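Notes follow once the structure below has been shown.
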Amino acid sequence: MSTSTTQRPVRSVISPGRYVQGPGAITRLGEFLSPIGSVPLIVSDDVVWGFVGHDVEASLSSADLPFRRERFNGLATSAEIDRLVGVISDAGADVVVAVGGGSAIDAVKAAGSLADIRWVTVPTVASTDAPTSALAVVYTEEGAFEEYRFFPRNPDLVLVDSQLVANAPAEFLAAGVGDALATWLEARATSRSSSLTMAGGVPTLTGTALAKLSWDVLWDNALPALDAVRDNLVTPSVEKVIEANTLLSGLGFESGGLAAAHAIHNGLTAAPQTHGLAHGQKVNIGSLTQLILEGAPTSEITDFIEFTTRVGLPTTLTEIGLTTGNLDELRLVADAATVEGETIHNMPFEVRASDVVSALLSIERLSRRVRSEAGLPEPEFYRAH
Ligand SMILES: [Zn+2]
């Protein structure tokens, strides 16, 4: 991601080979998978496999694809990735398919890349934009952010069954909204500073525009989509939010750029009590903190707090298990968020750890007041299980 002084940066967009979305799409996995590989290895945890295994098996057998399924162990760690590389080799697989959530997907992308075979993602929830990107977030065994790993390609196929997404608890979709709203805030900042994106160039109009489209789609559709998903219904709003969370946000962050929100998310993983929270929940705190750091207009900040509280996302430290009284911990978070190479340095101004501490501290009182004035509930303290 570094640019040499003799070369001028290029503009670049990267994307998956094919994106497929719709109710019952899982029953067509075999059809879309067969042009990509002939010996698939499916990676899925036992819970996910319990409700999709039958459809995956039926679809692959009707496409004459013999396959092996390997259990995913729950966290995208270096050890789990290396273990999967061994399984790929044992199975003689030429394509590895992640069926499940963001961690399984990240582990599979990393393993497929190391094994030098093709990889496919089948997200069963729309909780992150991991399914479409060419990078993975690798965590320590304790669940703290360790590193981004970048791959030479995006998945050859992303296949999302909207009905499976609608059958999952609405909290997953809400978390995906948190991840996807950050995409525009970060792409906007990256575009203003002409910093480099994850795709390895300065932002394209395409990446920035898709990030904005994701934001607009979510403001219009997130609340009705969440209502529908609470009754396991697939409506046009649900389809739009799935596409925004998975595809638009993925393309938008990767080719539009990350900035403070995700760096603050990564910093928050330094606090162990946040490990049980979804990626998108912590990202939402990052987005709000970024707006504070930017000195965004008060109306924009107020709208963001009200809207994301209605979506069910945290807007206070209390809701992610932190307190304004524990300054040492907030300093730890801020130090991690501002280490050299973090995307917070894509902001169009210098950000120091002390700025992040002040911004994080400030959201508690601000959000409580905005919520109270809007008749929204008081935050409840998040206790890690
Ligand atoms: Zn994210």
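Every condition in (1) under 20 Å from PRO155 (Cβ atoms); (2) away from the ligand (no atom under 16 Å from the Cβ); (3) crowded, with 20+ Cβ neighbours inside 10 Å; (4) of a type in the set (Val, Ile, Thr) is met by THR246 except one, and the failing one is (2).
Taken over region 35-63, residues that are in contact with a Ser or Thr (Cβ under 6 Å, 6 or more places away or on another chain) and of a type in the set (D, E, K, R) amount to 1. Selection of region 276-312 for residues being part of a loop (DSSP other than H, G, I, E, B) and either under 16 Å from SER362 (Cα atoms) or in contact with a Ser or Thr (Cβ under 7 Å, 6 or more places away or on another chain) (or both) yields ALA278, GLY295, ALA296, PRO297. Within region 124-137, the residues that satisfy the criterion of being farther than 20 Å from ASP55 by Cβ, open to solvent by less than 10 Å² (accessible area, probe 1.4 Å) and either among the polar types (S, T, N, Q) or more than 16 Å from the ligand (Cβ to nearest atom) (or both) are THR132, SER133. Has region 252-264 got at least one residue that is assigned to a loop (DSSP other than H, G, I, E, B) and more than 16 Å from the ligand (Cβ to nearest atom)? Within region 252-264, none of the residues are assigned to a loop (DSSP other than H, G, I, E, B) and more than 16 Å from the ligand (Cβ to nearest atom). Comparison of THR140, THR121, THR204, THR208 shows that the only residue that is more than 16 Å from the ligand (Cβ to nearest atom) and closer than 30 Å to PRO272 by Cβ is THR140.
Checking LEU247, LEU233 one by one, the residue that is touching a Phe, Trp or Tyr at 6+ places or on another chain (Cβ under 7 Å) and touching a residue at least 40 places away in the same chain (Cβ under 8 Å) is LEU247 and no other. Just one of (1) without any contact (Cβ under 8 Å) to a residue 24 or more places away in the chain; (2) crowded, with 24+ Cβ neighbours inside 10 Å fails for GLU300. It is (2). Filtering region 36-92 to residues that are acidic (Asp, Glu) and more than 24 Å from the chain's Cα centre (by Cα) leaves ASP55, GLU57, ASP64, ASP90. In this structure, does ILE105 turn out to be under 30 Å from ASN284 (Cβ atoms) and within 16 Å of the ligand (Cβ to nearest atom)? Spelling it out, ILE105 is indeed under 30 Å from ASN284 (Cβ atoms) and within 16 Å of the ligand (Cβ to nearest atom). Screening the candidates GLN273, GLN281 for the property of being within 16 Å of the ligand (Cβ to nearest atom) and open to solvent by 10 Å² or more (accessible area, probe 1.4 Å) yields one hit, GLN281. Set side by side, the residues LEU185, LEU159 differ, and just one is more than 30 Å from ILE301 (Cα to Cα), touching a residue at least 12 places away in the same chain (Cβ under 8 Å), open to solvent by less than 10 Å² (accessible area, probe 1.4 Å) and away from the ligand (no atom under 11 Å from the Cβ), which is LEU159.
The values are calculated or read from the model by the stated rules, or taken from the named source; none is laboratory data. Because the structure is predicted, anything quoted here is derived from the model rather than measured. Virtual Cβ from ideal backbone geometry, glycine too; neighbours counted across all protein chains shown. Ligands, DNA and RNA are excluded from the accessible area calculation, which covers all protein heavy atoms including side chains. Shrake-Rupley method; radii C 1.70, N 1.55, O 1.52, S 1.80 Å.
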